[in-house]
């Protein structure tokens, strides 16, 4: 892999077992001279309301490398705003419309990208990045469909339009990499050295998304959503 900033995203959905979904993201910064890598791993379990906006407060931008859960703090006074935290470093307010939205794999993929972008721009302001994902939906949305939907004012008619509006607020990637997921050992060995690294990072993002669901199920954090 070349030096630079990478955002690796994945979503997971347990529709038959729990109707829950989780988002996973790895923010990976690779530097040369000397060669050094920094990895921030994020997980988030989805709410079930349509989002009107997401705002955040940076408490400390010097977030150490490591694994973090974007964790529910409270739904204060049963309002339509849900407060989350990323350790002691960032706070998020997710403002909702109160309209129910099912947790789906597509929403998980989209939210992994949104939160990954917000946190990466906090860590590395004004830094261009490469998006790595196994989701053709996310790639096609960002590369092709979104600009056309904006021109023709079609976003309101689209599923997950609330998240598409959030896409318009964040910088787009300078490069897109699609990687196939859940490869057999034989298929993995056929990859180039660069694609093997992409695949490894994608597997981490997938594990994070599934861990978010397991945590949600065990702790029942979103029972009131």
Rh (Kirkwood; distinct C-alpha pairs) - region 76-120, Å: 12.2
The chain: relative contact order in percent, alpha carbon pairs under 8 Å with at least 6 residues between: 30
Gyration tensor (alpha-carbon) shape descriptor, region 151-204, a/c threshold 1.5: prolate
Whole-Å distance, taken between Cα centres, linking region 141-192 and region 66-126: 19
Two-site label geometry, residue 137 and residue 50: point separation in nm, points 7 Å out along Cα→Cβ: 1.8
DSSP bridge orientation in region 4-219 - percent antiparallel, rounded to nearest 5: 75
Diffusion constant of region 43-152 at 20 °C, which comes from Stokes-Einstein with the Kirkwood Cα-pair radius and 1.002 mPa s, µm²/s: 139
Separation of the residue 200 and residue 150 label points, Cα + 7 Å toward Cβ, nm: 3.6
Gyration tensor (alpha-carbon) shape descriptor, region 11-99, a/c threshold 1.5: oblate
Förster-model FRET efficiency, 22 Å R0, residue 97 and residue 57, C-beta, rounded to 0.05: 0.50
Taking the convex hull of Cα positions in region 53-101, its mean projected area over all directions (nm²): 4.0
222 nm mean residue ellipticity, helices alone, for the chain (DSSP H n ≥ 4; -39,500 (n - 2.57); rounded to 500): -9500 deg cm²/dmol
Those residues of region 23-38 whose amide nitrogen sits under 17 Å from the label point placed on residue 127, 7 Å along Cα→Cβ: 25-38
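Quick note: the coordinates plus some simple rules give every number you see, no bench work behind them. The structure displayed is predicted, hence computed values, not measured ones. A quick note on method: Cβ atoms are made from the backbone with ideal geometry, for glycine too, and the neighbour counts reach across all protein chains shown.
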